[in-house]
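The values are calculated or read from the model by the stated rules, or taken from the named source; none is laboratory data. Remember, predicted model here, so these are calculated numbers, not experimental data. Quick reminder, even Gly has a Cβ in these numbers, built from the backbone with ideal geometry, and neighbours come from all protein chains shown. The accessibility values were calculated without ligands, DNA or RNA, using every heavy atom of the protein model including side chains. Shrake-Rupley method; radii C 1.70, N 1.55, O 1.52, S 1.80 Å.
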Amino acid sequence: MPLSKARASASPWLTVVLLCVGQMMIVLDQNIVNVALPAVQRGLGISSENLVWVVNAYVIPFGGLLLLAGRLGDLIGRKAVFLTGIVLFSASSVLCGVADSETVLITSRFLQGIGGAVASACILGMVATVFSDRRKQAQAIAAYSFASAGGGAVGPLLGGILTELLSWHWIFFINAPIGAVLVLVGARAIPGQRGEGMGKGTDFLGALLVMAGMMLLVYTIVGAERVGWAAPQTLLLGPLALLLLMGFVVRQATAAKPLLPLRLFRSRSLTAANIVQFLMIAGMFGLLFFGTLYLQRVLKYGSLQAGMGFVPIAVVIAVVSLGLSTRLITRFGQRAMLLLGLALIVGAFVMLSFARVNGVYLVDFLPAGLVMGLGFGLAAPAIMGLGMSSVTPAESGIASGLFNTTQQIGGAMGLTVLSAWSARVRTVSPPQDRRRRNRWLAATTWPSWLPPDSRWPP
């Protein structure tokens with residue numbers, strides 16, 4: 001069915017709601033696991049060295065496959081790709097829930113990451129093209145932004161509730177009924193559209209290069225924390241990962257039908273939006289991860305209490321992104337709101353740098369969290385609006401995949417780099433000279449409150 005006719009026969013806002021629920025479910029699953037990791041480790045007897053792969057086994061295929069999945073959406077239809085991904089994601093979630101060993105869980109998480117990539121790659125492209133009216137389009141993108149950012153903040157809460165009241169298995173089982181509703185309702189309500197056809201072709205070699213490069217790069221950074229940055233493993237695998245990624249770029253420049261047409265980067269808005277989003281999401285993942293450690297390991301909160309600690313952040317993101325950001329963007333412009341949001345995010349991280357070992361939630365964490373939520377609520381819709389407005393509808397699928405790729409890789413790289421850096425800081429002794437010692441302590445205020453046993457994995 002042509003897209004224009006599908007729009008006339010379906011409820012546009014129901015379509016947006018279904019897509020945003022799918023996006024939130026997928027984003028939730030990246031963060032819901034953090035709070036439950038200690039319970040997972042106890043339940044399956046996973047070693048500290050391998051526990052990190054409960055997270056990264058999901059993130060790595062997710063980031064590596066997004067571009068290919070986005071292109072497939074353009075070729076065979078975004079609705080079909082979205083629903084296929086939801087089915088795979090839900091089925092693999094059940095496999096994660098029933099896992100009785102470390103190997104089964106990590107393998108199932110890998111499959112879950114593939115399903116998440118296939119499902120989410122086209123969501124932003126679909127959301128951005130549901131409406132032709134610019135105001136409604138901005139509202140739809142704001143809803144997607146909340147699903148992405150708010151889902152990350154809600155993850156620790158839901159993870160804490162399910163882990164404490166039921167068991168860690170339910171952080172995965174919860175996806176099955178949500179996925180079933182999405183498939184049953186979405187099959188009828190989401191408008192279908194014809195893709196360009198598989199005859200247009202895609203670059204599977206490029207997809208292999210980018211996936212292998214990203215998997216190897218994340219593995220190298222994670223391993224460097226254990227074996228050292230100057231170890232032969234790091235010095236060998238790091239350059240190899242960069243070589244694979246350079247090969248992907250060369251392939252895209254020479255392929256007749258590239259996976260990621262490099263001409264897209266001629267748009268300064270699209271390029272800048274992806275760079276800013278990469279850094280912003282890396283910071284957000286740092287907040288979620290280190291914030292959870294701070295609440296649980298330093299303030300001695302339980303899983304449920306730690307999850308509740310993130311609720312105000314999610315509420316602020318929801319209020320700002322769903323209610324306030326559209327009006328402010330319409331009045332003052334996307335660039336102004338982006339700059340204001342980024343300034344607030346920087347301010348929040350500065351506030352967090354003063355968190356104390358003997359701190360209080362209402363003083364040391366909540367104010368910074370509220371400022372962070374306000375900044376993300378303003379910046380995220382502005383970034384996505386700037387990026388998606390610079391591509392044609394025919395390219396919205398691959399542009400959506402690109403946005404999701406920078407989001408996921410930003411989260412994975414941000415988490416691994418910040419974790420490795422904080423672990424290194426905690427193992428370095430401060431200088432003995434009083435002045436130099438004070439400067440050193442000031443430069444390492446936030447990581448220094450982490451106790452010795454709070455290394456990643458916990």
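Of the residues V94, A143, A180, the one whose Cα sits farthest towards the positive end of the charge dipole of the range 82-190 is A143 (charges of +1 on Lys and Arg Cβ, -1 on Asp and Glu Cβ, taken about the Cα centre).
FRET efficiency for the pair S11 and S267, taken as 1/(1 + (r/R0)^6) with r the Cβ-Cβ distance and R0 = 41 Å, rounds to 0.80. In the full protein context, the range 22-173 carries 29 Å² of accessible surface per residue, based on a 1.4 Å probe and ignoring ligands, DNA and RNA.
What order, most packed first, do the peptides 333-340, 254-261, 79-86 have when packing is the mean number of other Cβ atoms within 10 Å of each residue?
Listed from highest to lowest mean packing, they are 79-86, 333-340, 254-261.
If you roll a 1.4 Å probe over the heavy atoms of the protein chains, what accessible area per residue do you get for the range 265-386, in Å²? List each step's numbers first, then the result.
Numbers: 5150 Å² over 122 residues.
Averaged over the residues of the range 265-386, the accessible area is 42 Å².
Expressed as a whole percent, how much of the Cα-Cα distance distribution for the range 226-314 exceeds 17 Å?
Values: 2808 of 3916 pairs.
Roughly 72 percent, rounded to a whole number.
Using packing as a proxy for protection, rank 316-329, 53-66 so that the peptide with the highest average count of other Cβ atoms within 10 Å comes first.
Working: 316-329: 20.6, 53-66: 25.3.
In decreasing order of mean packing, 316-329, 53-66 become 53-66, 316-329.
Surface composition of the range 5-145: carbon plus sulfur atoms hold 63% of the accessible area, using a 1.4 angstrom probe and ignoring ligands, DNA and RNA. Here the 3J(HN,Hα) profile of the range 55-68, calculated from phi with Karplus coefficients 6.51, -1.76 and 1.60 at θ = phi - 60°, is 7, 6, 4, 8, 5, 5, x, 4, x, x, 9, 4, 5, 5 Hz, Gly and Pro shown as x.
Label-to-label distance for V311 and L166 is 1.9 nm, based on points extended 7 Å past Cα in the beta-carbon direction. Placing pseudo-labels 7 Å out from each Cα toward the beta carbon at T103 and R297 gives an inter-label distance of 3.1 nm.
Under the convention that each Lys and Arg Cβ holds +1 and each Asp and Glu Cβ holds -1, the size of the dipole of the range 217-302 around its Cα centre is about 260 debye.
Expressed as a whole percentage, what fraction of the accessible surface of the range 289-355 belongs to carbon and sulfur atoms when a 1.4 Å probe is rolled over the protein heavy atoms? Before the final figure, lay out each step's value.
On the way: 2180 of 3060 Å².
In the range 289-355, the share of accessible area belonging to carbon and sulfur is 71 percent.
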